Each structure stands twice: as structure tokens, then as C-alpha cells.
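Worksheet for the structure shown next.
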Amino acid sequence: MRAAFFLALALPLVGCLLWLMHAEAWGLGGRSPVLNYDTAQYALAARELATHGRLATTFALPIELTRHAQPPWPLAVVQPGLVLIEAALFRLTPPALRLGPTMFVPLSRPDQREWLVLVAPFCCFILIGLLLTIITSRVFRRYASWLPEGRRLAAALTVGFAFYLDPEAQHFASGGFTELPFTLGLLLCFAALAFGIAPRRPFLFGLLMGVTGSLRANMLWLAPLLALAAAAIPAPSTGRAPRGGPLRVLVLALAGFAVPLAPWWLYKWRAFGSPAWDLTRFVIWDHVQGRSWFSLYHLPEEPVLPTGLEAAQLLAAKAWSNLRPLLLSVSTGTRALWLGAIVVWLMMVWPWRRAAGYPPDATPAPAGAANDQLPAADLRPLAVTTIAAVVALAISLLIATVSLPWLRFVFPTRILAEVTGIIALWGVVTLASDLVSLPALKRGLYIAVGMVVLGWGLFQTTRGNVEARRTSAERGVPNVLSMLQITVLLNREVPAGEVVMSNLGPLLAWTSRRPVLHLASSPGDLEACRRRLEFRRVLLVFRNPESAWAEWHDVVARPAEARSRPEWNIRSVREWLTSDGFRVIWLDLGPPRPWLAALPARPE
């Protein structure tokens, strides 16, 4: 017990060390601001909620002007879960922390308070590693109770360390992302399935799914799967279906899922006219018929999109073209081994009932007995959970193929599937009857699996930190000092509350504490945006003309010539360089041009 205590204490310490190494490689708070495009949107919404008590934001994309022209704008992209958590942190944290009688640490500037967005992801990072260790230990204790205590502890710690060694997990813990809080909720849902809690408490299980769903919209697709899995698990005490049957479990789980999300759906209904409205739905048309997410979001008009059979054919073709690269990414390195182990384990324990001669409450046979490799408990909950993990990964992959084919969007289900695969591989070694008479070989295989897990994790961490160091030096946004300098200049010349258009988007809105409209698709679209929302200044910040958006390349390369284009209505241009080499171009626009509104047809 003493060894287990010290090892459990060492686990979060290792997680903290790995987090610090990644943060240093990323240049967190220096070369790389704490906030980025995605995380700043959550921070803005949280600040509005904490300061003014409203679900709104001071950043908008041009397409949002079609629904709501004036700031503050309703939340069209972010989910409410992380907004509520960050708002609570902003509200509870004082403007300064007192460390002594005369020593105060200020936390009032935006660049200081943005560090608060790391609290929830970092805590989730540490908690997930600890919970994976505890859950793995309990899985082995329940389903393979004849294994020695030391072997179970080593396996559980290996799984915990493997999570901490994942470079994506380290990166998500270094920013205000939703991935880790969502992964924590999803892990608890799968643990409830594996230990038979979900069918016994279906409504509470549904509430857990609903809270998890408030963090990411993906849960809308995973909740029916988890509810079906809960309905498929028999009651552990009797081996029969839960009281009221599977239908009762399914209905109660889905009802519980809807309860925490109902206020959010009502908010969307009131703000946008539909409880299912979400701006991210347009992203599925990225790379379809020449469209891009940039062209979809950066024009002040909703796009005209295909419908019906044509839409289904186009999206199916997109999904098929993206499927192969995503499958290759998911099966890179040892990931294919974990997925293969799941298939082999499921085949070995079919039909997933208790082993012959071993009732669920039976005492396992002593070590060395003829059937000591067989489980002593009903394996159906574990088998159903394993299948659900694989199907959840498949659903996440399918969603990614029709939206943005990035592996980061598969992270939560990828982590759970990999952990399931690691445990399944140990299960395959345990159930291999040919190894019963060779305990030394079986012990060696246990150790070999652990070495592969940790070796792959160390390799990934090393490579991830090298990539983080290289990427942070090439980032497309200025460092913290340059952002503060730009903000000071902007706030000195532009009245408070006046809207500014900029490609820095939510980052500038956070630091300047003013409404910011994201940069339009091209200079020619400025007037169309101004017809919906008046603004007079455009701020362009790019490392060089080559990194500028295609339609803005000429303005960044030759800003002095921008005034010669009368259709752009640019009155004056200023330009300077930041200390880290970014070009800042300030455009002052002329008065809005009169435009003829469409008149209703006269009656004849």
C-alpha cells in the first residue's frame, strides 16, 4: 500500500513535469500567447458573462452580421460548458493576489487574466491521468482478480503515464481548449458503462452525458450510442435485463441528457430561431465545389448551398476522399496494435458471458490452476463498453471526414480507444491458454507491452516538443509584447466601444476590450460589411505579404497603393513593424458610401 501511495503521488508530478516541458517548448506566454483563435472566443464569452451577466461575445465573423449586426453578438460558435467554467474563474479571481503584507500579484490586465483559462484544462489533464490509473486498476481487479497486485498496479500506472506522454494532451492542457474537459466527461461515461453503473442509474448517467455535451457538440452524436450501450448491459446481480427493460434505460438516459442542454437549446432558439442552429454547420462545405471555410465565413451573407440528393452525393465524395488520410493517422505507430488487440480480445471472450464454471461471485482459482486465465466475472459490461469505444471512434472519424479532417477533432475518442486497446492487449496475453505453463514468458509479455506503451509515448513526447518549438517560432500571430503594444496604440486613437475590423479577430478583442469584426474576405467586401455594421478602421497584422490572405496580399505588399483603388474607399494608410517582425498596416476608411436599398414593388 505504501508503494502504491507513493507511485500515485508521483503520477501527477510526472504530468506536471511533462506539461512544463511542453509549455517551455511552445514558448507559452512569450513567443506564443496563452490564447489563440479558438480559445480566445471562449475567453471573450466568459468575460462577458462574468462582467455583464450575459451570454454574448465581442467578436464576430462577417457572416454573423446577417443575423445580428450590432455588438455584443450572441454565441454562434462556442458551447456553453467551458464558458460557464471560465466565467466562474474570472468572477472568483480577484484583481490581485496577496502573497504577503506588502506583496501583491496583479491579475487585472487581459494578458494576466488569460492565464486563468489554463486552470480547467490543466486540472483535467492531471485528473484524466489519475482516473485512467484508478479505472484500469479496478478493471483488472474486477475482471482479472487472480492477477498479482503488483502486476495490476504496474499496468494501471503504465496507462496513466501513457496519457501524460501524449503530446496532443500536453498541448491541449497548455491552452483554453475544450478537448480535455470533454475527454474527462467522456471517460466518466465509459467508466459508468464498464462497471455497470449506467444501467442501474440511467437518468444520472444521462445527466453526465448532458454536462459533457455542454462542452462539445460532438456529444449529440455520441449520446445515442452511449444510451444504447447502457441499455444493452444486463444487471450485474441477476444477469437479466435492468428493471423496466432496456427501453426504460434508453429513455431515461436520453431524458437526462436533454435536461442540462435544454436551456442552451432555448437560448439558440431565441437568438437564431432554431435550437439546432450553429455556425459551425457550414464547415462541412469546406473544400466542396471550390468553397473554403474562409470564403464561407468571411462574407456578410449566408452562402447558397446544395440540398437534397446533390448535397448527399457531394458530402459522401468529400468524406470518402478524407477517410484514407484520417485512417492512416489513427493507425500510426502502435495505434494499429491497440485496435487489433481489441478485435482479438472480443473474439477470445465471445460470447462475453462468465467463463464456464465461474459464477460472477465465485472465488478465482489459485495461481497455477488449469483455468486460472479465465475471468471470474461477467464480461458483458466490459465487452459492450469496448465495442462502444470503437464505434465512438468510428463516429468521430466520420464526423471529421465531412467537416475538417484534422486528427485533433478525434482526440477524445482516440484516447479512450487507445486505452481500451492497451488493456485489451494485456487481456489477450492473460487469456492465451498456450502460455499457462510458461509463467515467465507471460510475465515477460506483460512487461513488453508496458515497455512498448511507454517507449512510444516517450518518442511521441520528444517529437512533439521539437515540433512545438519549431511551430511557435513560425506562428501567424505576434507575441505577447507586440500584442500589448498594438493594443495600446489602438486604444489611444480609437474611442472605447468602437468596432475595429482585423485579422487578429478574437485575440485583439480580448486584449483591447473592444468589439472586433474579423477581416472580410477581400478589400472589395469592406463596403458590404459596412452596410450592416459601421466601422472606420481596419488593422492588418501579418508576418509578411506571403503569409497574408490571398485577396489582401497586394495591400500588405504595397500598402501605399491602397488609396489608389477608389472602390476600396481607403482614406489613409499607416505602416510599422513590431519587435518580433510582424507588419502592422492601419487603414482608415472614408465615410460610408450611400447605397440604394431594395424598394418594395409598387402595386399595379
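Consider ARG47 carefully, then state whether it is among the basic types (Lys, Arg) and in a loop (DSSP other than H, G, I, E, B). When the stated conditions are applied, ARG47 does not pass them.
Restricting TYR267, TYR297 to those that are within 20 Å of ALA217 (Cβ to Cβ) and in contact with an Asp or Glu (Cβ under 9 Å, 6 or more places away or on another chain) reduces the list to TYR297.
The numbered conditions (1) in a helix (DSSP H, G or I); (2) modelled with pLDDT under 95; (3) surrounded by fewer than 21 Cβ atoms within 10 Å (Cβ to Cβ) are all true for VAL211 except (2).
For segment 318-351, a tally of residues being in contact with a Leu (Cβ under 6 Å, 6 or more places away or on another chain) and over 18 Å from HIS287 (Cβ atoms) returns 3. Against the criterion of being surrounded by 14 or more Cβ atoms within 10 Å (Cβ to Cβ) and of a type outside the set (Lys, Arg), PRO515 qualifies. Residues in segment 312-353 that are farther than 30 Å from ALA144 by Cβ, surrounded by 16 or more Cβ atoms within 10 Å (Cβ to Cβ) and among the charged types (D, E, K, R): LYS318 only. Among the residues of segment 532-577, those that are small (Gly, Ala, Ser) and either in contact (Cβ under 8 Å) with a residue 60 or more places away in the chain or closer than 20 Å to SER521 by Cβ (or both) comprise SER547, ALA548, ALA550, ALA557, ALA562.
Scan LEU188, LEU147 and give me the residue that is surrounded by fewer than 24 Cβ atoms within 10 Å (Cβ to Cβ), aliphatic (A, V, I, L, M) and touching a Leu at 6+ places or on another chain (Cβ under 8 Å). Result: LEU188 is the single residue among LEU188, LEU147 that is surrounded by fewer than 24 Cβ atoms within 10 Å (Cβ to Cβ), aliphatic (A, V, I, L, M) and touching a Leu at 6+ places or on another chain (Cβ under 8 Å).
Of all residues in segment 406-459, those satisfying the criterion of being basic (Lys, Arg) and under 16 Å from THR332 (Cβ atoms) are ARG408, ARG414. Of all residues in segment 205-231, those that are more than 15 Å from PRO381 (Cβ to Cβ) have Cβ atoms under 6 Å from Cβ atoms of residues that are surrounded by 23 or more Cβ atoms within 10 Å (Cβ to Cβ) and β-branched (Val, Ile, Thr), 6 or more apart or on another chain, in LEU215/THR178; ARG216/THR178; MET219/THR212.
Evaluate segment 80-101: report whether one residue or more is under 24 Å from ALA271 (Cβ atoms), assigned to a loop (DSSP other than H, G, I, E, B) and in contact (Cβ under 8 Å) with a residue 60 or more places away in the chain. Checked segment 80-101: no residue is under 24 Å from ALA271 (Cβ atoms), assigned to a loop (DSSP other than H, G, I, E, B) and in contact (Cβ under 8 Å) with a residue 60 or more places away in the chain.
Figure legend. Inter-residue proximity from segment 248-270: first residues in contact (Cβ under 8 Å) with a residue 24 or more places away in the chain, second residues of a type in the set (Ser, Thr, Tyr), beta-carbon distance below 7 Å, spacing 6+ or different chains. Indicated pairs: PRO260/SER214; LEU261/SER214; TRP264/SER214. The residue pairs whose first member lies in segment 307-330 and is over 14 Å from PRO405 (Cα atoms), whose second member is among the aliphatic types (A, V, I, L, M), and whose beta carbons are closer than 6 Å, counting only pairs six or more residues apart or on different chains, are LEU314/VAL288. If the condition is being more than 19 Å from THR178 (Cα to Cα), out of contact with any Lys or Arg (no Cβ under 9 Å at 6 or more places or on another chain) and at pLDDT 90 or above, then segment 25-51 contributes no residue at all.
Considering ALA258, ALA341, ALA262, ALA253, the condition of being modelled with pLDDT under 95 and assigned to a helix (DSSP H, G or I) is satisfied by ALA341 alone.
Filtered by the rule that a residue be over 19 Å from the mean Cα position of the chain (by Cα), closer than 16 Å to LEU508 by Cβ and of a type in the set (A, V, I, L, M), segment 32-69 gives ALA60, LEU61. Of everything in segment 200-231 that is of a type in the set (Phe, Trp, Tyr) and farther than 18 Å from VAL78 by Cα, the residue that is nearest to the chain's Cα centre (by Cα) is PHE205. Among the residues of segment 150-170, the one identified as surrounded by fewer than 24 Cβ atoms within 10 Å (Cβ to Cβ) and either touching a His at 6+ places or on another chain (Cβ under 8 Å) or at positive phi (or both) is PRO167.
Residues that are within 14 Å of PHE172 (Cα to Cα), in contact (Cβ under 8 Å) with a residue 12 or more places away in the chain and of a type in the set (A, V, I, L, M) within segment 11-24 comprise LEU18, MET21, ALA23, listed in sequence order. Among the criteria (1) buried (at least 23 other Cβ atoms within 10 Å of the Cβ); (2) closer than 22 Å to PHE535 by Cβ, the one LEU490 does not fulfil is (1). Considering the conditions (1) part of a helix (DSSP H, G or I); (2) over 22 Å from LEU397 (Cα atoms), PRO275 is excluded by exactly one of them, (1).
A quick yes/no check of all residues on (1) out of contact with any helix residue (DSSP H, G or I) (no Cβ under 8 Å at 6 or more places or on another chain); (2) among the aromatic types (Phe, Trp, Tyr); (3) at pLDDT 95 or above:
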{"position": "PHE59", "(1), (2), (3)": "no, yes, yes"}
{"position": "LEU65", "(1), (2), (3)": "no, no, no"}
{"position": "PRO72", "(1), (2), (3)": "no, no, no"}
{"position": "GLU86", "(1), (2), (3)": "no, no, yes"}
{"position": "PRO94", "(1), (2), (3)": "yes, no, no"}
{"position": "MET103", "(1), (2), (3)": "yes, no, no"}
{"position": "ILE126", "(1), (2), (3)": "no, no, yes"}
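Could you list, in sequence order, all residues of segment 279-302 that are in a loop (DSSP other than H, G, I, E, B), of a type outside the set (Asp, Glu) and touching a residue at least 60 places away in the same chain (Cβ under 8 Å)? Answer for segment 279-302, where residues must be in a loop (DSSP other than H, G, I, E, B), of a type outside the set (Asp, Glu) and touching a residue at least 60 places away in the same chain (Cβ under 8 Å): HIS298, LEU299, PRO300.
Is it true that some residue in segment 11-32 is closer than 22 Å to ASP166 by Cα and part of a loop (DSSP other than H, G, I, E, B)? Scanning segment 11-32 turns up at least one residue that is closer than 22 Å to ASP166 by Cα and part of a loop (DSSP other than H, G, I, E, B).
The values are calculated or read from the model by the stated rules, or taken from the named source; none is laboratory data. Since this is a predicted model, take the numbers as computed values, not measurements. All Cβ positions, glycine included, derive from the backbone under ideal geometry; neighbour counts span all protein chains shown.
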